[in-house]
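The values are calculated or read from the model by the stated rules, or taken from the named source; none is laboratory data. These figures come from a predicted structure and were not determined experimentally. Cβ: placed from backbone, ideal geometry, glycine included. Neighbour counts: every protein chain shown. Note: accessible area is taken over every heavy atom of the protein model, side chains too, but ligands, DNA and RNA are not part of it. Shrake-Rupley method; radii C 1.70, N 1.55, O 1.52, S 1.80 Å.
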There are 2 protein chains.
Amino acid sequence: MPRTAETASFKFNHTMIRVKDADASIKFYTEVLGMELISKNAFDSFTLYFLAFDHSNGEDSAETKLLNRANREGVLELTHNHGTESDPNFAGYANGNKDPGRGFGHIAVTVDDVEKACERFEKLGVKFQKKPSDGRMRHIAFILDPDGYWIEILPTTMKLPGE
Amino acid sequence: MPRTAETASFKFNHTMIRVKDADASIKFYTEVLGMELISKNAFDSFTLYFLAFDHSNGEDSAETKLLNRANREGVLELTHNHGTESDPNFAGYANGNKDPGRGFGHIAVTVDDVEKACERFEKLGVKFQKKPSDGRMRHIAFILDPDGYWIEILPTTMKLPGE
């Protein structure tokens, strides 16, 4: 079913999650996952960080990436409310996978080789919710970001039963 | 900073949220937002639905979309735990924006004309968290999906202060 003209321009641009410590999260999403920080937008009490994978083989300039930020898919927005990173009374954010607060489940990154990606994650000290060897689903894994949000790691060739 | 070979294949493939009533959610994401249902994967106690916008101008077949499901960005996964849609004791899912359960914030859809898109949403009876005319940010809106998850509507040309 083709889209009608009314929604033809629509893109699933981004997903926003709140993070306790912006430095830790930026380090994780750029160094561990390989995303790039496209923009940082500071306001009085919070800062927004927009990250995404570069699919231009390094050809797009930072300015082009910035201009295209809202005109693409696969962007991750991190909201940092200032002060949470050093507030001893801040209990942390809900990851959405347990009550109370169940709803959001995870974000997912597809990779060409899950085993190899997970070996690298282990070397980098990343925490796992599920290693490829855990349970029955050997071809997928779940890693945890610094706030404990789940990130599914699955192959780009993934097919599910029933497909 | 170009990506290293180790993460060169990585894509931000999907975001997963749990939904109470699969039929209501599928109707909303396809008819209101214009996404397509790429696959439906039923298990004993739950069913997974994968939706995404078609950016091929209707040229990709359903089979091609299915094959590319994990090899693209901008996919939305809905998890329906069977029975919640008719369980009077089910309290609903947390949308992530209030305590307890604060963490995940929203997904965002970019559109060429926010005013026009929102006029259409109003006609279709969509609930708003923030209409374009509310508050100071006149160029963005937040609509609510059937579970109350926030969906930001912003222009594809969006630029933020500080950029």
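Here are a few things to note about the model shown:
- Total residues in the stretch A:87-111, condition open to solvent by 20 Å² or more (accessible area, probe 1.4 Å) and under 23 Å from B:F104 (Cβ atoms): 13
- Tallying residues that are in a strand (DSSP E or B), surrounded by 13 or more Cβ atoms within 10 Å (Cβ to Cβ) and not aromatic (F, W, Y) within the stretch A:112-145 yields 5.
- Residue list for the stretch B:8-26, restricted to those being without any contact (Cβ under 8 Å) to a residue 60 or more places away in the chain and either within 10 Å of the chain's Cα centre (by Cα) or under 17 Å from B:W150 (Cα atoms) (or both): B:I26
- Subset of the stretch B:49-82 [among the polar types (S, T, N, Q) and touching a residue at least 12 places away in the same chain (Cβ under 8 Å)]: B:N71, B:T79, B:N81
For every residue, the table says whether it meets (1) of a type in the set (A, V, I, L, M, F, W, C); (2) free of Cβ contacts under 8 Å to residues at least 40 places away in the same chain; (3) at positive phi.
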site: B:A117; (1), (2), (3): yes, yes, no
site: B:F128; (1), (2), (3): yes, yes, no
site: B:S133; (1), (2), (3): no, yes, no
site: B:M137; (1), (2), (3): yes, yes, no
site: B:I140; (1), (2), (3): yes, yes, no
site: B:P146; (1), (2), (3): no, no, no
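- Residues located in the stretch B:59-111, provided they are among the hydrophobic types (A, V, I, L, M, F, W, C), assigned to a loop (DSSP other than H, G, I, E, B) and facing another protein chain (nearest Cβ under 7 Å): B:A70, B:A94
- Any hit, the stretch B:66-75, residues being open to solvent by less than 30 Å² (accessible area, probe 1.4 Å), within 17 Å of the chain's Cα centre (by Cα) and not assigned by TED's automatic domain parsing to the domain that holds B:R18: no
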